[in-house]
1. Modelling each spin label as a point 7 Å along the Cα-to-Cβ direction, I'd like the B:Glu163/B:Glu369 distance in nm, to one decimal.
2. With respect to the cross-link table entries B:Lys178/B:Lys207; A:Lys10/A:Lys42; B:Lys9/B:Lys60, which display a Cα-Cα separation exceeding 21 Å?
3. State whether region B:232-379 is rounded, prolate or oblate according to the following rule on the C-alpha gyration tensor (a ≥ b ≥ c being the square roots of its eigenvalues): a/c under 1.5 gives rounded; otherwise a/b larger than b/c gives prolate, and the remaining case gives oblate.
4. Treating the angle as unsigned and between 0 and 90°, give the value, to the nearest 10°, between the Cα long axis of helix B:367-379 and the longest Cα principal axis of chain B.
5. Using a Förster radius of 25 Å, what is the FRET efficiency between B:Thr27 and B:Arg92 based on their Cβ-Cβ separation? Nearest 0.05, please.
6. Quick one: angle between helix A:262-271 and the longest Cα principal axis of chain A, in degrees between 0 and 90, rounded to 10, please.
7. As an exercise, use a Förster radius of 41 Å and the Cβ-Cβ distance of B:Phe216 and A:Ala292 to find the FRET efficiency, rounded to the nearest 0.05.
8. Going by Cα centres, region A:255-280 and region B:96-156 are how many Å apart?
Amino acid sequence: MSIFVNETTKVVYQGLTGSAGRFYGLRNRAYGTQVVAGTNPKRAGENVEGIPVFANVHDAREATGATASCIFVPAPGVESAVMEAAEAGIEFIVVITEGVPAKDEARFYNRLAREFPRTRLLGPNCPGIISPGKCNIGITAGEIATGGGPVGIVSRSGTLTYQALYELTQKGIGQTTCVGIGGDPVPGTNFIDCLEAFQRDPDTRAVMMIGEIGGSEEEKAADFIKHEMTKPVVVYIAGVTAPPGRRMGHAGAIISGSSGTAGAKMDALRSAGAHVAINPTEAGNVMATVVAHL
Amino acid sequence: MDLFEYQGKQYFARYGIPVSPGGVAQTVDEAISAADAAGYPVVIKAQVQVGGRGKAGGIKLASNASEVRHHASNILGMDIRGHVVQRVWVERASDIKAEYYASFTLDRAARMHLAMVSKEGGIDIEHVAATNPGAIIRRHIDPAIGLTHADAVDIIHSAGIDEEARSGAVSILELLYKCYVEGDADLVEINPLILTPDGRIHALDAKVTLDDNASFRHPEWAAFDGTESSDPREQMARERGLQYVGLDGSVGIIANGAGLAMSTLDVVNQVGGTPANFLDIGGGASAAVMANALEVVNSDPNVKAIFINIFGGITRGEEVANGIVTALGRVTITSPIVVRLDGTNAVEGRAILKAHESDRLISRPTMVEAAQAAVAFAAH
């Protein structure tokens, strides 16, 4: 099985007619994802290599039965794109766009929580989600993933997500679902949401978690792992050498005062019983050992 | 982006938050003009982004022009914990009857905004939090609703702000929230917020951190460019729109994705090297972006080797390879380059690199091997 998406997920791309939206929308379709529609208010009635373009998400959903949305629109338009998708009845919204203002994302996260409690948001500033062989929404290169499980992956970083997929695939270890939650301060879906779903998913038997400096989500995840998880968790945290007070690329990757350091996160996860690795390659090796003993 | 106090006060003023009349000065003469305009007595304050400037002698009171000349000439150019004072803020001195604290920031764990108000202002709020936590009122503000007038009244009353200051404090708290949200700040902090003997209330200090992601809707932020960082490498990177943090090692780092860039720093460290920088060229990086990145890293005299670590997702391998080749044709790269390229279209990318390989440009298949090669180059 997989979490959040599967082979029946039908996806509308908000921003399909832009260059990145087109490139990845077509790649996702070629992978086997049901890419059913795109939106652009000025180009309704056109198509992108056979994918119909609608004026808005509501029309796209009415015509195609889309259940998920993938957002590629530029940062200034993300808030209204998210609300448009939710109002149209989309249940799973993936925001790839980076550089969304923190005020916008704090507002639309809380508006969704309040007005559309059943809608799940993933991102912003994330690579998306892939359930190998079933569905790939976003910018992950599908060829580096291998289906069949037993490992679920959850990561704050895009490229480290690919790295993890790649390490496991090279070792012949399959993945159930790989979720990139994104590096922003207010992620729509967090570590605990994914750990909870992986714990419930019978095909996922071990979890790879990739965190980084900043915030306290990894510490909260440690608490969840300690009390709620029976499946083994292998962890890598990036940013051991990051200086305090400096934003390391991601808006959320900053050590504030003494909180948010990689060391503190690794300690919390280690004492929660997770296997903590010091680099992505070692994480792959540790996972191989864990999987061999399942 | 962290603003200096004077910029923070100018930003507060845009949103109607009262501050003392004053002006910024880069020379002694400018300081005297600012003092004349503000009215004596004045306070001269060193503009540095580091705490403890008062103790270091960076804040002085002056009651006439000759005292301004004396203090401003001492403070300008002063080194405060590694920060050289380039500007002073000169403002009319205030009589203080009471000092309070007010701030807004994002509470990431709660995914809501956090208001903090205390009647114990004028000292480090973390000190108050440690010694007298009951003196700080903390309230979450739902970003979908915002701060209501009733919230502001409740927060100010709960914090025990003196009665004569309450209505002024409520209105400043509402303006501060407006500055925080409409002004796209990650942090707005007034410490101290003061009550004067004649019953007026205003911000005596200003701490503002702007959300860089919101710069597209704030053309007025252009005035803050170039005043933040004293590191010429960071200045150069900012002009090129790159996510760069200067460090002091010898291996220049270029990676795509913040997580991979941080991880690259960690791996270089683990194999015995020292990273010279953090540089994330981001998703969708083109040949031009890669060329810019190489130019910035190459400008660092401490760099002895460059490690380019790319895993292709949104950045396609052939774009990366073409970027490196283009950059090599555009600038003379002084250090050897080690490339590790994988992911989307990596095969095409590696073929392009192969055609240009030399003893100054090599590629390695894994992160650890590439880090080892770069560290070995840096050691020679």
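1. Here the modelled spin labels are 7.9 nm apart.
2. A:Lys10/A:Lys42
3. rounded
4. Its long axis makes an angle of about 90 degrees.
5. It comes to 0.80.
6. For A:262-271 against chain A, the angle is about 70 degrees.
7. With R0 = 41 Å, the Cβ-Cβ based efficiency is 0.25.
8. 29
Every number in this text was worked out from the coordinates using simple rules, so none of it is lab data. Bear in mind the structure is a predicted one, so any value in this text is a computation, not a measurement. Positions of Cβ are generated from backbone atoms using ideal geometry, with glycine treated the same way; all protein chains shown enter the neighbour counts.
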